[in-house]
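The values are calculated or read from the model by the stated rules, or taken from the named source; none is laboratory data. Keep in mind the model is a prediction, meaning the values are calculated, not measured. Reconstructed Cβ throughout: ideal geometry from the backbone, glycine too, with neighbour counts over all protein chains shown.
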Amino acid sequence: MRNKTYTNPDSGGKPATSLEITCHAGWTTKKPVVPGLYWFRRSPGMTKCIVEVEMDDDSLAIDDANFDHSGAVERIDGEWAGPLDPPA
């Protein structure tokens, strides 16, 4: 089996990191429907970060002091990619 080099389209064609490779889906404005780790960005070209989406009673939410968009996922506008697969 040959090695395949994956590129990150947001990095000008630079090789993707292992975390970027574990996310098989592309960017979407559809909000997460299951808990997990997700890439998030406000819009294309904006800084991206990994956030943890958790259950909060009967809805999904982000509770992260380092993330300025914490709260119910349904009220957070942006683009999502994930959930990320855990490392092997």
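Among the residues of the stretch 36-59, those identified as part of a loop (DSSP other than H, G, I, E, B) and either surrounded by 15 or more Cβ atoms within 10 Å (Cβ to Cβ) or charged (D, E, K, R) (or both) are Arg42, Asp57, Asp58. Thr47 fulfils the conditions (1) touching a Gly at 6+ places or on another chain (Cβ under 9 Å); (2) of a type outside the set (A, V, I, L, M, F, W, C); (3) free of Cβ contacts under 8 Å to residues at least 24 places away in the same chain except for a single criterion, (1).
So that you can scan it fast, the table gives a plain yes or no per residue for (1) touching a Ser or Thr at 6+ places or on another chain (Cβ under 7 Å); (2) modelled with pLDDT of 95 or more; (3) of a type in the set (Asp, Glu):
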{"site": "Lys30", "(1), (2), (3)": "no, yes, no"}
{"site": "Val34", "(1), (2), (3)": "no, yes, no"}
{"site": "Val51", "(1), (2), (3)": "no, no, no"}
{"site": "Leu60", "(1), (2), (3)": "no, yes, no"}
{"site": "His69", "(1), (2), (3)": "no, no, no"}
{"site": "Leu84", "(1), (2), (3)": "yes, no, no"}
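The set of residues in the stretch 60-88 being surrounded by 12 or more Cβ atoms within 10 Å (Cβ to Cβ) and small (Gly, Ala, Ser) consists of Ala61, Ser70, Gly71, Ala72, Gly78, Ala81, Gly82.
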